[in-house]
Amino acid sequence: MIPVASLPVGDAASVFLREHAEGSSLFPAGGFASATALARRAAVLDAWDGDRAALAAFLAAEHAAGHHPAQADSLAAAARHDALFVLTGQQPGLLGGPALALHKALTTVAWARAAAARLGRPVIPVFWIAGDDSDLAESNTAEFLEPDAAVTATSLDFPETAAAIPMSLRLLDGAACRALRAALPASWSPEARALVDACYRPGYSLTEAFRAVMQRLLGPHGVLCVDGFAAARRPEAQAILRRVATAGATFQEALARGTTRLRDTLALPPQVPVRPGTVPVFLFENRQRVRLHADEAGRVYEAGREGLDLRPLLERHTVLHSALTRPLVVDALFPALGHVLGPAELRYFAQLADVFPAFGRTFPLLAPRQQALLIPDAALRELGTLGFTPADVPTLTPSRMRARLTETAWAAHAAADAFPDSEHDRLREALAGYQARYFPAAGNRFEAARRSLERALAHHRDTARALVFAESGRTRFEALQPLLRWLAGGSQDRHLNTLSLWNALQKGGPGTFDAYVAALSRTGDEVTVMRGAAFDGEST
């Protein structure tokens, strides 16, 4: 497993954090990359007001069904009075969800290790599984990029698909497990199929199945896995969520300030829209999440029961967090140094800059997640013949590939020599000279005619190139479709499910997955292109 190219993550929020690692109005605590910001955040957490003994007991209960020896070390360290945590998380996606979940976790491991070494105290990586999430379509879909896959995506059958039931309550049955196995691409190895069988069992919830995958892949690196549905029901979480529910106006005003700052600083729209009148927590009732609303007087109600003010009743009900209130819950439950986030999450954390202090919490350190693309040797050689380098791979879309193949086919065709681009340029120059010499005062009439002719010339040239592409470039383009599908337009980590990635890496032989893990378990924020085994079974 060999990294062959590495580029800085280029989204605006990641670049801004990289350039303002010691702190800014968007990200007040700064980033993990700053030693100053790290020391400052650790000092703040020395006064953390949470119950460390209760936290250690909760983490032990979350891993009571079994854990790796490295996780046992993390659990023991979590009980220390000076332990700190670095968190990341994702919805419990099918077959491990998109590969970015793995990449997030490995980035978290790297920053936790670096922080522990710098601070001289335990820093523990935690993966927060959003088992409270009720978006079944998002959690219950796995994409396949393998060329031999019978389907490009699969999902499992559940009753009450439209109901807002948390993923931790969505239970697999035997039929769903059999359907999942049947959907796996034919090229999957027996080892990969056995891993699916071990993780997706009847009676498991989608959260438990996802946790089983993460335990298998991340347990050896000491990552602790927490079900957000269980975490949200802890007393500390309920206290902060009820406070938000009864002070919705305060939350929305702080959120609006952060959203305006994000727009003014980075010219970015809000990742999470500001919705005055909504409450950023959910009532948990009859096994479902129920959206709450608030009126101008501060009354909290659910749709259809507008006459009942829920504020006095919240102490007797369980409430669950939204994406915008989960960071507050984490800060209440963990002495968290900070979070490893994707580009979208960085944007909504920027929106929350004023929300943390408004509710007595402190803004955490942040770090962008690593990104990665796995590509086989044969594919790199093929791309090289077209003039593409490994650094081009993250932006290699089908349209860019087609344009390059069109240029290549055109350059090799006799028509290119018979009517080269220079002839088009000379014709345009001649017409411009003709106008200037004989009709200098013609103005817009001649300009419009010349523009029409230039468009016609461009259409003539493009038509000729399209004919040449159809004759000698299309076959090669179609032959490259499996590769383009595998790369998914530079977004492999968002479209390739984690176990498809694991299966592909296993084809490289023993230790290949570990080499991949080692290559991504580093600090920084980069897009890495790695050469190795992939969809065609090739190994390095």
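General remarks:
- Options 45, 55, 26; residue that is among the aliphatic types (A, V, I, L, M), within 18 Å of residue 228 (Cβ to Cβ), modelled with pLDDT of 95 or more and surrounded by 14 or more Cβ atoms within 10 Å (Cβ to Cβ): 55
- Some residue of the range 188-195 being in contact with a helix residue (DSSP H, G or I) (Cβ under 8 Å, 6 or more places away or on another chain), more than 26 Å from residue 321 (Cβ to Cβ), surrounded by 18 or more Cβ atoms within 10 Å (Cβ to Cβ) and small (Gly, Ala, Ser): yes
- Of everything listed in (1) in contact (Cβ under 8 Å) with a residue 40 or more places away in the chain; (2) in a helix (DSSP H, G or I), the single unmet condition for residue 26 is (2).
Per-residue answers, yes or no, for (1) outside the structural domain of residue 232 (by TED's automatic domain parsing); (2) basic (Lys, Arg):
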site	(1), (2)
6	yes, no
41	no, yes
44	no, no
55	no, no
78	no, no
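- Set side by side, the residues 488, 479 differ, and just one is within 47 Å of the chain's Cα centre (by Cα), small (Gly, Ala, Ser) and exposed (fewer than 11 other Cβ atoms within 10 Å of the Cβ), which is 479.
- In the set (1) closer than 24 Å to residue 356 by Cβ; (2) part of a helix (DSSP H, G or I), residue 76 fails one condition alone, (1).
- Checking 89, 66 one by one, the residue that is at pLDDT 95 or above and not acidic (Asp, Glu) is 89 and no other.
- Residue in the range 138-151 that is at pLDDT 95 or above, surrounded by 21 or more Cβ atoms within 10 Å (Cβ to Cβ), aromatic (Phe, Trp, Tyr) and at negative phi present: yes
- Hey, residue 344 under 29 Å from the mean Cα position of the chain (by Cα), closer than 24 Å to residue 517 by Cβ, surrounded by fewer than 23 Cβ atoms within 10 Å (Cβ to Cβ) and small (Gly, Ala, Ser) or not: no
- Flag for residue 504 being assigned by TED's automatic domain parsing to the domain that holds residue 415 and free of Cβ contacts under 8 Å to residues at least 24 places away in the same chain: no
- Residue pairs meeting the criteria (Cβ under 9 Å; at least 6 apart or on separate chains; first assigned by TED's automatic domain parsing to the domain that holds residue 136, in the range 163-174; second assigned to a helix (DSSP H, G or I) and of a type in the set (Phe, Trp, Tyr)): 166/229; 167/210; 167/229; 168/229; 169/229
- Subset of the range 430-465 (residues that are over 45 Å from the mean Cα position of the chain (by Cα), among the small types (Gly, Ala, Ser) and within 29 Å of residue 410 (Cα to Cα)): 430, 432, 449, 452
- Residues satisfying the stated conditions in the range 372-424, i.e. more than 25 Å from residue 496 (Cβ to Cβ), in contact with a helix residue (DSSP H, G or I) (Cβ under 9 Å, 6 or more places away or on another chain) and not in a helix (DSSP H, G or I): 387, 412, 413, 419
- Odd one out for residue 192, checked against (1) assigned to a loop (DSSP other than H, G, I, E, B); (2) out of contact with any Gly (no Cβ under 8 Å at 6 or more places or on another chain): (1)
- The set of residues in the range 473-498 being of a type in the set (S, T, N, Q) and closer than 12 Å to residue 402 by Cα consists of 475, 481.
- Subset of the range 304-338 [touching a Pro at 6+ places or on another chain (Cβ under 6 Å) and part of a loop (DSSP other than H, G, I, E, B)]: 322, 324, 325
Okay, residues lined up against (1) closer than 30 Å to residue 506 by Cβ; (2) of a type in the set (Asp, Glu); (3) modelled with pLDDT under 95; (4) surrounded by 22 or more Cβ atoms within 10 Å (Cβ to Cβ):
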| position | (1), (2), (3), (4) |
| --- | --- |
| 226 | yes, no, no, yes |
| 251 | no, no, no, yes |
| 266 | no, no, no, no |
| 269 | no, no, yes, no |
| 276 | no, no, yes, no |
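- Apart from one condition, residue 216 fits all of (1) buried (at least 17 other Cβ atoms within 10 Å of the Cβ); (2) within 25 Å of residue 106 (Cβ to Cβ); (3) of a type in the set (Lys, Arg); the exception is (1).
The values are calculated or read from the model by the stated rules, or taken from the named source; none is laboratory data. It should be emphasised that the depicted structure is a prediction, and the values quoted were computed from it without experimental measurement. Cβ atoms come from the backbone with ideal geometry, glycine included; neighbour counts cover every protein chain shown.
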